[in-house]
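Each reported figure results from applying straightforward, stated rules to the coordinates on display, with no laboratory input. Being a predicted model, the structure only gives us computed values, none of them experimental. Note that each Cβ is placed from the backbone with ideal geometry, even for glycine, and that neighbours are counted across all protein chains shown.
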Amino acid sequence: MKKLLLFLAMIIITVSLLPIMGNKLADKTLNERIEILRANGVELSNSTTDASYFTTKKHYEFLVKDANKLVQYLNQYSDNQLPPYVNALIDGVLIGTDLEYSNFPISDALSVDIYPLSLSTGMMQDLKSEDIKFYRYVKNLLESKGVLYHINYNINNLDFHGYIKDIQEEYVLKDSSKVTLALSNVLYQGNGELIAPKSLSSLIGAIDFNVKKGDEEFTIHMKNFTSSSAFESESTYMSGGKIEQFNFAIKGRAENNLRIEVNDIHLNISSNTQGEKAEFYAKTSLKDLLVETEGSSLKGSDFNYDVSLSEIDKVSLEKLRVLISRSKANASTQSEEEIRNSSIDLLSKGLRLSIADVSLSEIQINQQKQIEGFSFKVKLDVKEDADLQKKLDISPEIVIKNVDMNASLSFSKELFKIINQEIPMVVFANAYAKEVGENIIFDIQLNRGELSVNNQMLR
């Protein structure tokens, strides 16, 4: 009986201690992350803790004290270096963070709210000096958590999901311009470290931005944007996105009016550096396009763009990538020269450009009859040549022999007729044109420096 009572007592004590043990483990993890931030230009300016037996709530306020250090830290996780102006945008920013987690170590869930409490020092000073009422509006908006990013994060398997708080704001500036911003139904999920996830998918229900003053108006509208990305490394990834509707409009004086509408946009890009050579793919399509200006309009449907680059030397590509990335943070005449030389080195190793499809199915100009559009296909090979730089120094024309190309360009007869009318110089192409059914075809070949169109040498 005594053994049983002792065993039960041990269980009770252990269960009682679990929240304390869990709390210590969570504290240790959080303190490690805070130290990383401190070492990289972010100061912990305020913190509070509200702990019960079951849960712990913490509030932190982080101040970007050294923007240069923070940008250098963030650049480690990105293929592209952040440009210099980012430093000014984040210097002095104050970020609030609220965390809540269970004190029982069997739970790996962490709930986090992140929200800016103040913009950069420079931006806040400019707002205050230019428009004190707008400064107070922005200050109150941020301090009331008007812009909030929520994350549910599993610290064990690194799964996360969350949302961005809906925004519906309206303000009249001192020049009587009415500004409206709306953001709704923003959701996301993924896996990996938050600063550099291995996978990420997102949904934006709608974004609306409008500025109106009298008869002048500027509008941006986007509806139902979805995206999904998977990252093996900085240079190997797959990303895809879809936008149901995008509108852009400027309304003012008649000659400045502009309206653009695009429906059902699909975008896919990928990069693969796992094999002997690197390769890139980009594919875009859209269902409908409308562009209107004062006195003219253009409608198009079923646009496709499918392009790939392959047979790229990985060592030369990585060298060029690093140089371009560095130049974004510190551009100079020297960096431009280094990028030029590195680009030539990359081309000297050879590569292949394939345009599988660039086409527009139908087009309508100035509300006239809808006609068939065009299509374009290309296969271009740049041969390997260790003496490319020397040849460029002698004469760039010599280098054309390094390029082989087969291309096919097709226009509907009606579209080609309109192009001839609008662009007089195109009439010289008529001598090389070939009619096939209802289309005008140009088969273009470049071989050993000689260019031909529909088997006619171009001189």
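Under the simplified labelling scheme, the Lys178-Ala356 pair shows an inter-label distance of 4.8 nm, with each label point 7 Å from Cα along Cα→Cβ.
Using the structure shown, select from Lys178/Lys299; Lys349/Lys390; Lys377/Lys417; Lys379/Lys417; Lys283/Lys328 the pairs with a Cα to Cα distance greater than 24 angstrom.
Working: Lys178/Lys299 31 Å; Lys349/Lys390 14 Å; Lys377/Lys417 21 Å; Lys379/Lys417 27 Å; Lys283/Lys328 26 Å.
In this structure, Lys178/Lys299; Lys379/Lys417; Lys283/Lys328 exceed 24 Å between Cα atoms.
Would you mind computing Rg(Cα) / (2.2 N^0.38 Å) for the range 371-450, counting N as its residues? Write out the running numbers ahead of the final one.
Values: Rg = 16.7 Å, N = 80, 2.2 N^0.38 = 11.6 Å.
This ratio for the range 371-450 stands at 1.43.
Here the calculated FRET efficiency for Ile394 and Glu337, from their Cβ-Cβ distance with R0 = 25 Å, stands at 0.85, rounded to the nearest 0.05.
Please give the contour-minus-distance gain from Lys401 to Met457: 0.36 nm per residue of separation, less the Cα-Cα distance, rounded to one decimal in nm. Full-extension gain reported as 18.6 nm.
Taking a temperature of 4 °C and a viscosity of 1.567 mPa s, what whole-number D in µm²/s does Stokes-Einstein yield for the chain with Rh from Kirkwood over alpha carbon pairs?
Values: Rh = 27.7 Å.
The diffusion coefficient I find is 47 µm²/s.
A full extension of the chain between Arg33 and Ala433 corresponds to an added length of 137.4 nm, given 0.36 nm per residue minus the alpha carbon distance.
Normalising the Debye intensity of the range 307-412 to I(0), with uniform scatterers on Cα atoms only, and taking log10 at q = 0.13, 0.15, 0.21, 0.23 Å⁻¹ returns -0.67, -0.79, -1.08, -1.18.
Fully extended, how many nm does the chain gain between Asp385 and Glu130 (0.36 nm per residue separation, minus their Cα-Cα distance)?
On the way: separation 255, 0.36 × 255 = 91.80 nm, distance 5.87 nm.
Computed gain between Asp385 and Glu130 is 85.9 nm.
Average projection, convex hull of the Cα set of the range 164-228: 5.6 square nanometres. Applying 1/(1 + (r/R0)^6) with r as the Cβ-Cβ distance of Lys413 and Glu43 and R0 = 51 angstrom yields a FRET efficiency of 0.15. Taking amide H as placed 1.01 Å from N in the peptide plane, the amide H of Asn257 sits under 5 Å from that of Gly252, Glu294, each at least 5 places away or on another chain. Taking all Cα pairs closer than 8 Å and separated by 6 or more residues, the relative contact order of the range 86-215 comes to 17 percent.
Of all the C-alpha pairs in the range 140-188, what % are more than 14 Å from each other? Here the tail beyond 14 Å accounts for 64 percent of pairs. Between the helical axis of 314-329 and the longest alpha-carbon principal axis of the chain there is an angle of about 70 degrees.
Which whole-number percentage describes the relative contact order of the chain, with Cα contacts under 8 Å and a sequence gap of 6 or more? Mind dumping the intermediate values first?
Numbers: 999 pairs, mean separation 30.5, N = 459.
It rounds to 7 percent for the chain.
Rule-of-thumb check for the range 320-376: C-alpha Rg over 2.2 N^0.38 Å? Kindly include the intermediate steps, with their values, before the conclusion.
Numbers: Rg = 20.3 Å, N = 57, 2.2 N^0.38 = 10.2 Å.
Scaled against compact globular proteins, the figure is 1.99.
Rule-of-thumb check for the range 251-316: C-alpha Rg over 2.2 N^0.38 Å? Intermediate values should be presented prior to the final figure.
Numbers: Rg = 18.6 Å, N = 66, 2.2 N^0.38 = 10.8 Å.
Here the Cα radius of gyration is 1.72 times the empirical estimate.
Mind checking which of Phe218, Ser239, Asn454 is farthest towards the positive end of the chain's charge dipole, using Cβ charges of +1 (Lys, Arg) and -1 (Asp, Glu) about the Cα centre? Result: Ser239, furthest along the dipole toward the positive end.
Straight-line reach from Lys434: taking Cα to Cα under 18 Å and skipping same-chain neighbours fewer than 8 places apart, the aspartates and glutamates in range are Glu372, Glu414, Asp443.
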